[in-house]
Each structure stands twice: as C-alpha cells, then as structure tokens.
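The values are calculated or read from the model by the stated rules, or taken from the named source; none is laboratory data. As the structure is a prediction and not an experimental result, all values here were calculated from the model. Cβ coordinates were reconstructed from backbone atoms using ideal geometry, including for glycine residues, and neighbour counts include every protein chain displayed. Accessible surface is based on the protein model in full, side chains and every heavy atom, while ligands, DNA and RNA are left aside. Shrake-Rupley method; radii C 1.70, N 1.55, O 1.52, S 1.80 Å.
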Amino acid sequence: MKKLLIILLTITAMSCTKKVAVDSIVINANIYTVNESFDKAEAFVIKDGKIIEVGTTLEIQSKYAPTFINDVKGKTIVPGFIDAHCHFYGLGLQQQKVDLTGTKSFDEVLQKIVNFQKEKNVSYITGRGWDQNDWEVKEFPTKKKLDELFPNTPVSITRIDGHALLANQTAINLAGVTINTTFSGGEIHQKNGKLTGIFIDNPMELIEAKIPSPTKKEQIQALKDAEKISFSYGLTTVDDAGLSRETIELIDSLQQIKDLKIRIYAMVSNTPEDVAYYLNKGIVKTDRLNVRSIKVYGDGALGSRGAAMKEPYSDKHNHFGAILSTPEEYLNIAKQIAASDYQMNSHAIGDSANYLLLKTYKEVLMEKKDRRWRIEHAQILDPEDFKYFDNILPSVQPTHATSDMYWAEDRVGSKRIKSSYAYKDLLNKYGKIALGTDFPVEKVNPFLTFYAAVARKDLNNYPENGFQMENALSREETLKGMTIWAAFSNFEELEKGSIEVGKFADFIVLDKNIMEVEAADIPYIKVKETYVNGERVK
Ligand SMILES: [Zn+2]
C-alpha cells in the first residue's frame, strides 16, 4: 500500500512539472536506433539540431512541449545514410551535361537540349549518350538544326561510345576548325564542301580542348544538384573520394551560408600541392565538413583489366594490370600522412594492389592504434592477405559485386573469385565494414546497396541463390555499414550514425520496414522524409 502511494505521488509530481520546450518530437515511429545493442524505440526529441532523448511515445509526449510534432504513424525510421565512398561532386558535374542516352530520334535529342538549357543556362552545352542506331533514320545527324536553335551558344554532344561527337558551328568556330583543317586518325565529315558537325576519334580533341572548365556558378549548381539527388535517397553524409582544395573550400563556403546542407567527408585528392597544404594545416572540421584524409590510387578497375593482379588475368595472356605508382612513392606518401593526424584511403582493386598497400600501411603504422586507414574497394584479395585487415578498415561497395558478377570470374578464374567481393570475411577480420556505392560509377540509390549486400542478386533475381552467399551481410550488419560503421570510418561515430542522445538529428522516414520487408522489395523502398540537423530537407 505504502509503495503504491509513493508511485501515485511520483506520477502526480511528474504531471505537475512544467513540460520542457523543444524544437520537435518524432512519435509513433518504428525506430532502429542502431545504438550499441541495436535497440528499437518509438520516439525521440530534437533540440538545436541534436537528439536529446530517445524513448516511447508516451514518455516523450508527457515530458516535452515541442514546437512541432512529427507523428509518422508507425513508419520506419533509421539514421540518415552515409555513403562511405562516392563521387558527390562528380555526380553534380554529370548533371551539368545533357543526358541523351535512350533517345529515340534526333528531334528528341534537340528537345532534350532545349529543355536542359532552359533550366541550366550554361555557357557551353555538352551532352553525351546519343546513338543513331536507336533512331528511325540511322544516319549521323548534322549540325543544321543545332545551328538554328543555338546560333550563339557552343554545343558539343558525344555519341554513346565516346568515339564520335556532333558540334554546332559556334563550337567549331571556337575550336578554329575549318574545311581545311588537317588531322590524323579519324574523320571530320563534310557534305557539299561544308562541315556537317560530325567529328570521329582524334579530331574530336580539337572541339573538346575548347570546352571550358565549369564556371563558379556551374560548380555551385553541380554541388546543389548532387545534394538534391542525395537527399532524395536519404543520404545525409557523403564521403567524396577525391576533391581538390578549390572544391573543398567552395563546399565549406556554401555550407557556412547554409546554401549546402549535406554533411561531407572530403578525401583530399593526392596532388602534391593540396596534400602539402592540408597536412600542414591539419584537420579541418565543422559540423558539416570533415577534411582529414588523403585519397590515393593503387591501381585501375577490373572491367578494363587495369586492376593489378599477383598472377596474370585468366582471360588475357600474361597480363597483370598495373600498379599506378612505385612502392617507394606509396611508402613516401604513407609516411607523410602517418606523421600527421590524417587518414590514408587507398583505391585498391586487384590482389597485388591490395597487398602492396596493406604492406605499406603496416610498415608505416607499425603499432600505431586506431588510425583507421582505409582500403577503398578491397575487391580481389589473396586469401593470405585478409589477415592485414585486423587494423585496416575495409570500405566496400556491394553493388560492385552485383554489377561485376557476370564477368568477374572470366577475369580472375574460379579460384580467385572465391576471395573476391568477400565482404563478410572482411567484416569478420576488422569487426566493422564501411559501405558505399562509388556513384556515379554505380547508381546513387542506397537501397540497391542494401539489397546487393544482403541478397547479392541483381534486380532480375539473378543468380537465383545469390552470388557467393557466404559473403552476404545480415540486414543488421548492412544497416550498420551504411550508418554507424561508415561514421566510424570517418571518425564521426560520436556525432552521427545512430539515433542516440547527443547525436545530430540526421534521420530518414521510410515507406517500408527495411529490416523485415521481403528481400525482393528492398530495392523499391522509398524515402518519405529526410532530415539533417533536425531540419527537413526532403
Ligand atoms: Zn571511386
């Protein structure tokens, strides 16, 4: 009886206390907090861009007086996705070109260019992806209509294979090309003694050399376009794998005036000036920008047989691919980075590139703990070399596995393929794995990453039983790889990557429960709302 009285008194006391004023509360949600014990929750509280309490709807509603109540009516909420390896600015620059892939006629090409220019108003129009073989008239187009539509703006549009382009007269004038221009290798088409605008192979360079690098306005537009796409898919942080100082400073200035809201982990491209500048300056860290890593290239890609292999390619005699710098150069840059607080993030696809960089890391870091140096891609590994990942962080892109699975075995053979795209083995070695996409090489959509990681299939349900399923990740591991472990790979696990007290209110509302929906439905999950710092951005 006495106990009951105390409880009653406590409840009365609680309901009498004045409610705490906060910016907003999220209630009635199916929340995967991605905290240490992977707890679920129903509600949380946001003040000044941060999460200040997580709990049940009842608890939260009884304690707080929010300016705004976000009742999501049972929908699933997860932390905002982090893409641990992408080319965010590259995606934006791509939006500054007209996408002509899939056009069914030259008239459609013209219409797309007109629409594009209405929206973007660029000083030089570039585009890519037309293919006259898809049209009713399967002949090369001419510049006639382009000249009528764009008498003063240069236009240069490249064929899908990159081996032909159509330029208008303004672009041709800019390049100084006339009917008398000489060249070797390739063709400049003419008809009745006049240029048609078609350039094939080598002479394309004459036109391309005059395409200006993007203006400041176009650079800003690129960043904003990439941000819009990222937010639409629930990405709240992106790790851009290779940016110049110029672009990093532009990003910072836009973030300062709140013109850019996405959080960016900027890996500095390995150019001597920029590396010297940043290593000397030290870590650059704001709430939205983190500059503390250098991106280094070890080798090329598997598709083009540029990845550096220990043994020859299985489908090209005596061909090993290529390491892009000398071992001494890697050692040199690694030593410079090790002497700073920066992280080294190296692109390594082939087993030879992986081995060289892993050994270099080990030699330089020795017993230095928690430097979190990353291997980007870690795609094809000698089984012997997994051991080096005990303190070197794997950063992988699950859609690479499902994009390459059709031909990867041709390249490396039936034995080496077994230790390729081995995400589970890498996770088991390090204890964490960071997931990304490498967009725009792959699609931006993080649900494709999630699906590729857990199902290891393409969208046509191929292969039926999944590609090398022993290396599939569980849904919990995948969600962690796209949130808290990706944050860890950026030294940001204390400020983001989970829905916990003290962290940024970066989260997304989904139309389906990603942890329970049929695997085949994962790629089609939609992001209903995206929040950065408690602010709705989609
Ligand atoms: Zn990349």
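Summary of values
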| read-out | value |
| --- | --- |
| Qualifying positions in region 129-149 - in contact with a helix residue (DSSP H, G or I) (Cβ under 8 Å, 6 or more places away or on another chain), open to solvent by 20 Å² or more (accessible area, probe 1.4 Å) and assigned to a loop (DSSP other than H, G, I, E, B) | Val137, Lys138, Glu139, Phe140, Lys143 |
| Region 48-95, residues that are more than 30 Å from the chain's Cα centre (by Cα), farther than 16 Å from Ile499 by Cα and not in a helix (DSSP H, G or I) | Tyr64, Ala65, Pro66, Thr67, Phe68, Ile69, Asp71, Lys73 |
| Residues being in contact with a Ser or Thr (Cβ under 8 Å, 6 or more places away or on another chain), charged (D, E, K, R) and under 27 Å from Phe507 (Cα atoms) - total across region 232-278 | 3 |
| Residue match in region 464-475 (condition: among the hydroxyl-bearing types (Ser, Thr, Tyr) and touching a helix residue (DSSP H, G or I) at 6+ places or on another chain (Cβ under 6 Å)) | no |
| Residue ranges of helices (runs of 4 or more DSSP H) in region 291-407 with at least 2 members under 30 Å from Val444 (Cβ atoms) and of a type in the set (S, T, N, Q) | 398-404 |
| Candidates Glu218, Glu249, filtered to the one that is away from the ligand (no atom under 16 Å from the Cβ) and either modelled with pLDDT of 95 or more or under 20 Å from Lys538 (Cβ atoms) (or both) | Glu249 |
| Where a residue in region 452-479 is within 12 Å of Met405 (Cα to Cα) and modelled with pLDDT of 95 or more and its partner, wherever it lies, is outside any loop (DSSP other than H, G, I, E, B) and open to solvent by 20 Å² or more (accessible area, probe 1.4 Å), with Cβ under 8 Å and at least six apart | Arg456/Met469; Gln468/Lys418 |
| Strands (runs of 3 or more DSSP E) lying entirely in region 152-253 (those with 2 or more residues that are more than 18 Å from Phe140 (Cβ to Cβ) and under 24 Å from the mean Cα position of the chain (by Cα)) | 235-243 |
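This table checks each residue for (1) hydrophobic (A, V, I, L, M, F, W, C); (2) within 14 Å of Gln96 (Cβ to Cβ).
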{"residue": "Gln117", "(1), (2)": "no, yes"}
{"residue": "Glu139", "(1), (2)": "no, no"}
{"residue": "Lys145", "(1), (2)": "no, no"}
{"residue": "Phe150", "(1), (2)": "yes, no"}
{"residue": "Leu165", "(1), (2)": "yes, no"}
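Results for (1) out of contact with any Cys (no Cβ under 7 Å at 6 or more places or on another chain); (2) part of a helix (DSSP H, G or I); (3) surrounded by 22 or more Cβ atoms within 10 Å (Cβ to Cβ), shown as yes or no for each residue.
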{"position": "Asn428", "(1), (2), (3)": "yes, yes, no"}
{"position": "Lys432", "(1), (2), (3)": "yes, no, no"}
{"position": "Thr437", "(1), (2), (3)": "no, no, yes"}
{"position": "Leu459", "(1), (2), (3)": "yes, no, no"}
{"position": "Gly502", "(1), (2), (3)": "yes, no, no"}
